[in-house]
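The values are calculated or read from the model by the stated rules, or taken from the named source; none is laboratory data. All values reported here derive from a predicted model rather than from experimental measurement. Ideal geometry is used to build each Cβ from the backbone, glycine not excepted, and the neighbour counts take in all protein chains shown. These accessible areas exclude ligands, DNA and RNA; they are computed on the full protein's heavy atoms, side chains included. Shrake-Rupley method; radii C 1.70, N 1.55, O 1.52, S 1.80 Å.
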Amino acid sequence: MGRNCSGKSILLILLYGDHQQAYANDIRLFGHKRGRGESIWDVKRRIGFVSPELHLYFPQHLTVAQVAFTGLTDTLTVPARVPAEAQTDLQQLLAYFGAESLVNRPFGTLSVGEQRLALLVRALLKNPPMLILDEPFQALDKRSIALARHLLDSFTQKTILFVTHDKRELPDSIEHIFDLEK
């Protein structure tokens with residue numbers, strides 16, 4: 001937690017490997033020091049990620065299904081082949097949120113809240129051991145936030161890094177809160 005410009009998002013992108021300083025400093029992730037031979041893709045493969053910055057750059061023409069499947073490649077590109085298990089998981093996640101009707105809609109035609117929900121589903125789809133969620137509930141309605149909090153609380157074997165300005169959004173399972181100051 002922390003005010004704007006306190007460094008929350010920078011800390012997360014350092015962990016995610018999207019900042020050059022991630023390899024110039026002593027940063028350890030999954031028990032390994034960054035810059036010791038692992039590729040950025042080795043790191044990202046184990047992380048589900050959502051952020052306001054990711055939202056800004058997402059291709060508007062992709063359908064919700066395609067958006068979700070890009071999480072399997074950790075890029076903005078849809079994989080050439082989507083495993084049947086991922087297709088089933090996507091259907092289940094969308095059904096959980098009551099958003100099945102969005103599956104074939106272009107990202108650019110959705111409300112901001114629906115877009116944010118699609119990006120959250122993208123982060124969850126590959127079932128990674130770590131979730132880095134930077135303002136994941138931004139623009140979501142109360143019902144979707146409640147469902148997402150409940151789902152995140154059910155993940156007992158995941159590490160969740162959750163950034164928010166509103167303590168009420170924090171899932172109950174969050175055990176440690178760091179309040180950053182400028």
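Considering all C-alpha pairs of segment 94-160, those separated by over 14 Å amount to 58%. Ordered by 1.4 Å accessible area with all protein chains kept, ARG116, ARG149 run largest first as ARG149, ARG116.
Between TYR57 and ASP141, the modelled labels are 3.1 nm apart [label points 7 Å from Cα along Cα→Cβ].
What FRET efficiency comes out for the pair ASN104/ASP153, r = Cβ-Cβ distance, R0 = 35 Å, nearest 0.05?
Numbers: r = 30 Å, r/R0 = 0.86.
It comes out at approximately 0.70.
The largest accessible area among SER173, SER101 belongs to the first residue in SER101, SER173, and the rest follow in falling order (1.4 Å probe, all chains).
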